[in-house]
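Engineer: Dumping the structure here so I can ask a few things about it.
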Amino acid sequence: MILAIESSCDDSSLAIMSLDDYSLIHYEKLSQEIWHEKYGGVVPELACRLHVSAIPAMLERAKPYFKQLKALCATSEPGLSVSLIGGICAVRALSVALNLKAFGVNHLIGHIYSLFLTSQIKLPLGVLLVSGGHTMVLEINQNREISVLCATSDDSFGESFDKVAKMLDLGYPGGARIENLAKNGDDKAFNFTLPLKEQKRLEYSFSGLKNQVRLTIQEQKKSNLLQDSICDICASFERVACLHIMDKLERIFALREFKYFGVVGGASANARLRASICELCLKHGTQVLFAPLEFCSDNAAMIARAGVDIFKNNAFSEQITLRARSQIDKSKLF
Ligand code: KG4
Ligand code: ZN
């Protein structure tokens, strides 16, 4: 078995996975959302303190499996350094105590592996990664090499939902809250412009859309109409944010043939986005893959799944350290 810890942002999670058949033997996740909610976003200092109290308790509960462990891993990049360090230190200490190898796992590669929690990797594969920290389209070829086809130049898709939610005083995280309110709104009520419509370069940008929403909220407030237009604002914003993702994806699908296309990251839970991607994949004869809903957002199961392949392929460095910079372009699955 392998033990994995994920603590890159505001979720503390621990998983133990079988090296033989990838079965999840033990799994825990403690979300810090309620602690960060009143600040409208993740407060690093608070996240660090919460990890430091949650992780040792999780390790205590995982103790019955310690004798069967062959290796340990933790997310080592990218993420909030003060959060990552919680998982890394725990795994380093345990590696000394149990005399086991400990290695780092790239969080983004972990998200890709969330598609293969119970199966072998399917290649060649296109991936849309949409989370609070990242928005990118990746291609993974038969040799398991990863290329970034498109990324955001400013905010991420999930982050733009969080920021719009903050402007509307809906709390944190914003994704699911906006999506729920949008269900009762008119998605054409506000005609937000599609970002980078004329731009040929493959790139995402959500800051302009966020600004349009901010100005609309200001106007609605001035006219005392905001309370009645919240659902319409959410629906109109969600429609254009998803359209922006799809606009670039359609261009990518016109240039590339994907046998498989996966959607990963916390924001891949968005039903509107899922439906649009299913439609696009159907049109192109591509098989669409989603991670189980429970494992779309940050979790240690996906880190353990990546960890199993890293361990089996001997693809780890000597000791786990906090990686200052993270590069996924031109890296490889294991
Ligand atoms: O992958 P994740 O748990 O953390 C990061 O690695 O960032 O993703 C969390 C992000 C948050 O920004 C959250 O608002 C967004 O995913 N999210 C959604 C939805 N559910 C979560 N965004 C849009 N629609 C959703 N239903
Ligand atoms: Zn993530």
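Engineer: Report, for the chain, the % of DSSP beta bridges that are antiparallel, rounded to 5.
Structural biologist: Within the chain, antiparallel bridges account for around 55 percent of the total.
Engineer: Turning to a different aspect of this structure: Taking the alpha-carbon distance from Lys200 and a cut-off under 18 Å, which aspartates and glutamates remain once sequence neighbours fewer than 8 residues away in the same chain are dropped?
Structural biologist: Asp154, Asp247, Glu250
Engineer: Shifting gears a bit: Taking the Cα atoms only, what angle lies between the long axis of helix 157-167 and the longest principal axis of the chain, rounded to 10 degrees?
Structural biologist: In the chain, helix 157-167 runs at an angle near 60 degrees to the longest axis.
Engineer: Okay, next question. May I ask you to compute the full-extension gain from Tyr65 to Leu19, defined as 0.36 nm times their residue separation minus their alpha-carbon distance, rounded to one decimal in nm?
Structural biologist: Result for the pair: 15.2 nm of gain on full extension.
Engineer: Let me ask something additional. Counting heavy atoms of the protein chains only and a 1.4 Å probe, report the per residue accessible area for the chain as a whole number of Å².
Structural biologist: Per-residue value: 45 Å².
Engineer: What percent of all Cα-Cα pairs in segment 222-321 falls in each 10 Å bin, counting up from 0?
Structural biologist: Values per bin, smallest distances first: 12, 30, 27, 20, 8, 2, 0.
Engineer: I want to verify a result. In a Gaussian network model of the chain, Cα cutoff 10 Å, which of these has the top mean-square fluctuation: Val308, Val213, Val96?
Structural biologist: Sorting by GNM fluctuation, first place goes to Val96.
Engineer: Considering the zone a paramagnetic label at Leu293 would reach in this model (a point 7 Å from Cα along the Cα-to-Cβ line), which residues of segment 140-176 have amide N under 18 Å from it?
Structural biologist: It comes to 173-176, nothing else.
Engineer: In nanometres, what is the gap between the two model label sites at Lys332 and Trp35, each 7 Å from Cα along Cα-to-Cβ?
Structural biologist: Spacing of the two 7 Å Cα→Cβ label points: 3.9 nm.
Engineer: Using the eigenvalues of the Cα gyration tensor, what equivalent ellipsoid semi-axes result for segment 111-232 when each is taken as the square root of five times the eigenvalue, whole Å, largest first?
Structural biologist: 34, 17, 11
Engineer: Please report, to one decimal in angstroms, the Kirkwood hydrodynamic radius of the chain built from all distinct Cα-Cα pairs.
Structural biologist: Evaluated over the chain, this radius sits at 20.5 Å.
Engineer: Per 0.36 nm of contour for each residue apart, how much would the distance between Ala93 and Gln199 grow if the chain were fully extended, relative to their Cα-Cα spacing?
Structural biologist: Contour length minus Cα-Cα distance gives 33.2 nm.
Engineer: Ranking request for peptides 158-168, 104-114: highest mean number of other beta-carbon atoms within 10 Å first, then the rest in descending order.
Structural biologist: Descending mean neighbour count gives 104-114, 158-168.
Engineer: Can you divide the C-alpha Rg of segment 144-200 by 2.2 N^0.38 Å and report the result to two decimal places?
Structural biologist: This ratio for segment 144-200 stands at 1.44.
Engineer: A further question follows. Could you tell me which of the pairs Lys166/Lys248; Lys221/Lys283; Lys38/Lys197; Lys29/Lys197; Lys122/Lys188 are separated by over 31 angstrom between their Cα atoms in the structure shown?
Structural biologist: In this structure, Lys221/Lys283; Lys38/Lys197; Lys29/Lys197; Lys122/Lys188 exceed 31 Å between Cα atoms.
Engineer: How far, in degrees from 0 to 90, does helix 226-255 lean away from the longest principal axis of the Cα atoms of the chain, to the nearest 10?
Structural biologist: Taking Cα atoms only, the helix is inclined about 70 degrees.
Engineer: Given a Förster radius of 56 Å and the C-beta distance between Asn314 and Asp169 as r, what FRET efficiency does 1/(1 + (r/R0)^6) yield to the nearest 0.05?
Structural biologist: With a Förster radius of 56 Å, E is 0.65.
Engineer: Right, another one. Through the Karplus equation 6.51 cos²θ - 1.76 cosθ + 1.60, θ set to phi - 60°, convert the phi angles of segment 199-209 into ³J(HN,Hα) values in whole Hz; use x for Gly and Pro.
Structural biologist: 6, 6, 4, 7, 7, 9, 7, 10, 5, x, 4
Engineer: Need the full-extension length gain, Arg274 to Lys221, defined as separation in residues times 0.36 nm minus the C-alpha distance. One decimal, nm.
Structural biologist: 15.8 nm
Engineer: Ranking request for peptides 254-261, 82-89, 126-133: highest mean number of other beta-carbon atoms within 10 Å first, then the rest in descending order.
Structural biologist: Ranked from most to least packed, the peptides come out as 126-133, 82-89, 254-261.
Engineer: List the relative contact order of the chain as a percent without decimals, with contacts defined as Cα pairs under 8 Å and 6+ residues apart.
Structural biologist: Answer for the chain is 25 percent.
The values are calculated or read from the model by the stated rules, or taken from the named source; none is laboratory data. The model shown is predicted, which means the values in this text are computed figures rather than measured ones. Every residue, glycine as well, gets a Cβ built from its backbone with ideal geometry; the counts of neighbours run over all protein chains shown. Accessible surface is based on the protein model in full, side chains and every heavy atom, while ligands, DNA and RNA are left aside. Shrake-Rupley method; radii C 1.70, N 1.55, O 1.52, S 1.80 Å.
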